[in-house]
Each structure stands twice: as structure tokens, then as C-alpha cells.
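Worksheet for the structure shown next.
The values are calculated or read from the model by the stated rules, or taken from the named source; none is laboratory data. Please read these numbers as outputs of a predicted model, since none were measured by experiment. Please note: Cβ atoms are built from the backbone with ideal geometry, for glycine as well, and neighbour counts cover all protein chains shown.
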């Protein structure tokens with residue numbers, strides 16, 4: 001039987017722990033959103049460290065409490081950096097978050113994402129099309145081998161990605177977060193659906209990428225499922241509050257960071273979400 005009260009208590013504890021300890025999560029993310037990712041990590045109480053060189057990735061894998069790897073805009077060096085970093089993370093048993101941005105649009109990106117399968121990311125975060133495509137590339141249930149992405153945009157619904165998300169979570173033993181109008185988070189046995197946010201989140205660059213970075217912050221303090229659910233919840237409540245106060249995307253981005261910063265542990269745990277068993 002699912003105990004929603006216990007899950008809320010774990011979310012509250014995760015938020016409090018992060019705010020009290022200021023944990024560092026290292027990030028190898030895309031150049032389009034690096035500033036927003038770092039600012040979001042800082043806003044929720046964490047510490048940000050952004051790198052792209054192989055030895056620096058390995059260093060942060062050892063030094064940071066968790067690591068966020070985003071496969072957005074690639075530099076040539078990433079072919080070496082990403083796998084070396086993932087190998088160290090896995091050898092140390094530390095948590096890491098994979099954001100398979102734009103899977104399907106290039107051979108190098110797809111090759112690296114295929115090799116990540118053996119390193120089993122603790123949390124995978126993406127839009128519905130990315131989650132379906134990754135499950136397909138890894139040969140898991142619910143996936144499709146040909147990505148239906150439009151660059152970084154999703155052309156599939158969150159509900160369509162449910163089976164792929166569950167299969168990925170079962171394969172990794174961690175959690176998967178699918179972003180959309182109503183977000184879906186699963187550990188392979190429980191599914192949470194979290195609501196909130198704002199239509200302005202589709203009008204700014206980095207809402208999804210920065211969410212992955214914040215998931216990594218919470219992953220330093222709690223289980224993969226609770227980390228993914230907590231990060232999604234703070235994004236939904238901050239997005240809704242910011243959207244209610246502004247009338248454009250530029251002011252929304254600023255207000256959104258403020259609301260991330262101001263959200264309390266109780267606010268986050270009480271943002272609406274529903275739980276079902278797989």
C-alpha cells in the first residue's frame with residue numbers, strides 16, 4: 001500500500017537537508033542553458049559546479065554528492081568527458097542524473113547514450129519523446145527505436161511515455177521523471193503525477209535542463225524517486241506562483257528563480273500529486 005504521508009515527509013526532509021547542508025552537484029550540461037541550470041541549483045539551496053573537460057568531470061564525480069549529465073549541445077571533447085565521468089560515478093556508487101536531450105539527431109549523441117546503458121543512471125529526466133526514444137534505443141518495453149523528437153521539443157504525450165518510463169526505472173533500479181503538462185515520476189513500481197507549472201515554461205530556454213540539475217541537488221540527500229518527485233514539485237509550485245505574477249517570459253524567468261528560492265519544504269511537499277501502483 002502506498003503511504004502518501006511518508007512520501008511527503010521524505011520530501012520535506014530532503015528539502016530541509018539541502019537547505020541546511022548546501023550540497024554540491026557537478027554538472028556537464030549544454031552551453032545554451034548552463035547559466036540557468038547553475039542559478040536554479042543555487043536557488044533551491046545547493047552548490048553548482050559546471051565543467052566540460054574529462055579530468056574535471058572525473059574530479060567532480062569524486063568530489064560532488066551527485067552529478068548531472070545533459071546531452072544537449074556537444075563539444076568534441078564530450079565524447080571522452082561523458083563516458084569517463086560516468087565510469088567514475090558508477091565505480092564510486094554515487095548518484096547521477098541523465099538528461100538525454102535531443103536523442104536521435106546525431107550518431108555521436110546516440111552512441112554515447114547507448115553506452116550509458118551499462119552505467120545505469122540513478123535518475124533519468126526528459127520529455128516524453130526523449131524517454132520513449134531512450135527506452136527504444138536500450139531495447140526496453142514501451143520504447144521506439146526512431147526518436148519522434150523535434151530537436152529538444154516533445155511530440156508525444158506524457159501518458160504515451162508511461163511504459164517506457166517504467167521500463168527504464170526497472171532497468172536502472174532508480175527513477176524516471178517525464179516532463180509535460182502533468183509530470184510523471186516513477187521508480188518502476190509507483191507512479192506519481194505532479195501538477196502545476198506555467199505555460200511560460202515553454203517560452204524560456206532551460207526549464208527542463210535546469211530541472212535535471214535540481215534533481216541532482218536533491219539526489220545528494222534522498223532516494224532517486226523522492227529526489228525526482230521533490231524537484232518536480234518545486235518546479236511546479238514555483239512555476240505556478242511565478243506565472244500568476246507576470247505577463248511575459250523574460251519576467252517569468254526572473255520571478256521563477258525567486259519562487260524556487262522562496263518555496264518552503266511544506267510548500268513543496270503539499271504541491272498536488274497523485275500516486276498509483278504500476
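Some observations on this one:
- Scan of the stretch 53-63 for residues that are assigned to a helix (DSSP H, G or I) and out of contact with any strand residue (DSSP E or B) (no Cβ under 9 Å at 6 or more places or on another chain), ordered by number: 54, 55, 58, 62
- Residue match in the stretch 29-52 (condition: more than 18 Å from residue 207 (Cα to Cα), part of a helix (DSSP H, G or I) and in contact (Cβ under 8 Å) with a residue 24 or more places away in the chain): no
- Selection from the stretch 89-112 of residues that are assigned to a helix (DSSP H, G or I), buried (at least 18 other Cβ atoms within 10 Å of the Cβ) and at pLDDT 95 or above: 89
- The condition of being at pLDDT 95 or above, within 16 Å of the chain's Cα centre (by Cα) and either surrounded by fewer than 24 Cβ atoms within 10 Å (Cβ to Cβ) or closer than 19 Å to residue 134 by Cα (or both) holds for only one of 63, 48, that being 48.
- Residue check, residue 264 buried (at least 20 other Cβ atoms within 10 Å of the Cβ), under 18 Å from residue 12 (Cβ atoms) and modelled with pLDDT of 95 or more: no
- Residue match in the stretch 145-157 (condition: at pLDDT below 95, surrounded by fewer than 17 Cβ atoms within 10 Å (Cβ to Cβ) and not in a loop (DSSP other than H, G, I, E, B)): yes
- When 68, 78 are checked against the criterion of being crowded, with 18+ Cβ neighbours inside 10 Å and in contact with a helix residue (DSSP H, G or I) (Cβ under 6 Å, 6 or more places away or on another chain), a single residue qualifies: 68.
- When 227, 250, 207 are checked against the criterion of being surrounded by 23 or more Cβ atoms within 10 Å (Cβ to Cβ) and at pLDDT 95 or above, 227 stands alone in meeting it.
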